[in-house]
Amino acid sequence: MALAGVIKAILDTPILDEDGNLTEESGEILDVTQKKVDEITE
């Protein structure tokens, strides 16, 4: 179920801003997602 929560968080987060740059929120989600993936694969 943890993986499903990570996927939902990614899908609910805007990726790019109006200028085509990575949004702050998507950068934060990337960090959280990497930590979750690391936990799952240990």
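Just so you know, all these numbers are worked out from the coordinates, no wet-lab data involved. All values derive from a computational prediction rather than experimental measurement. Cβ sites come from the backbone with ideal geometry, for glycine too, and all protein chains shown count toward neighbours.
Things to note:
- Estimated from the Cβ-Cβ distance and a Förster radius of 22 angstrom, the FRET efficiency linking Leu30 and Ile7 is about 0.95.
- Fewest-first ranking of Thr41, Thr13, using other Cβ atoms within 10 Å as the exposure measure: Thr41, Thr13
- Sum of -39500 (n - 2.57) over DSSP H runs of 4+, divided by residues of the chain (222 nm, nearest 500): -21500 deg cm²/dmol
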